[in-house]
Amino acid sequence: MSAHPDDYSLKRFMLSAILWLPLSFFVWFLWSGVFVAPVEWLVQWILNLWAPDSFNDVLRTGYQLEIEVFIELPPEMSRIGQGRPVAAIPVNPMIYGYGFPLLAGLAISTPQPLLQRALQLVAGYLAVALVQAWGTVFEIFQTLYFQLGEEGRATLEALGISPDLIALGYQFGYLILPGVVPVALWILMNRRFIEGLVPAWHFEGDRGG
């Protein structure tokens with residue numbers, strides 16, 4: 001029996017996506033400093049808007065961020081910022097951004113005009129930056145509440161942030177958002193293409209039965 005045309009296109013798409021994934025991850029890591037830059041801005045904006053008296057600054061070194069919090073710790077664990085003791089909390093936002101190369105591999109493999117692919121990559125980049133900002137902020141809260149003792153807990157309690165909220169937000173940002181948001185966004189942006197692949201799945205199932 002000759003190959004079904006939709007079945008062929010499905011296989012070609014899957015093979016293309018698999019082949020593009022390693023290159024997408026390589027470029028994502030190679031330009032990690034560029035990808036983290038908007039996350040730095042978003043985190044600083046969120047913390048300054050929410051609690052400017054508790055957070056001093058967000059510093060970026062490569063793809064790593066350091067968030068300075070106004071709490072007093074032993075001298076070897078703190079520094080001075082604006083004349084007050086600050087603790088620097090290190091965070092790696094890249095662990096929340098692996099969905100972008102996944103979306104990039106899917107978007108590049110989807111048959112569509114170059115401009116549409118570029119727009120989807122930009123939309124995915126912005127969505128993943130929001131996911132990274134979410135994960136980074138809740139990792140800061142998690143570190144403050146569970147690792148930096150009474151001073152850290154007091155800082156969050158003064159902001160009305162409960163440990164249940166921290167646990168929920170941290171788990172949601174670590175386990176669910178990084179993988180689900182990029183794939184869901186790609187599905188929404190390519191519904192017509194995906195609907196065209198449905199006959200291929202049906203055909204495959206009928207042939208297997």
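Nothing in this text is a laboratory measurement; each read-out follows from the coordinates by a stated rule. Please read these numbers as outputs of a predicted model, since none were measured by experiment. FYI the Cβ positions are ideal-geometry reconstructions off the backbone, even for glycines, and counts take in every protein chain you see.
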Query - Cβ-Cβ under 7 Å pairs, at least 6 apart or on other chains, the range 92-103 side over 8 Å from residue 178 (Cα atoms), far side among the hydroxyl-bearing types (Ser, Thr, Tyr) and part of a helix (DSSP H, G or I) - result: 93/136; 94/32; 100/125; 101/24
Report task. Any chance you could count how many residues in the range 181-197 are within 30 Å of residue 140 (Cβ to Cβ), surrounded by fewer than 16 Cβ atoms within 10 Å (Cβ to Cβ) and touching a residue at least 12 places away in the same chain (Cβ under 8 Å)? Result -> 1
Requested in this report: Please verify whether the range 153-162 includes one or more residues that are more than 17 Å from the chain's Cα centre (by Cα), within 30 Å of residue 10 (Cβ to Cβ) and touching a residue at least 12 places away in the same chain (Cβ under 8 Å).
Outcome: no
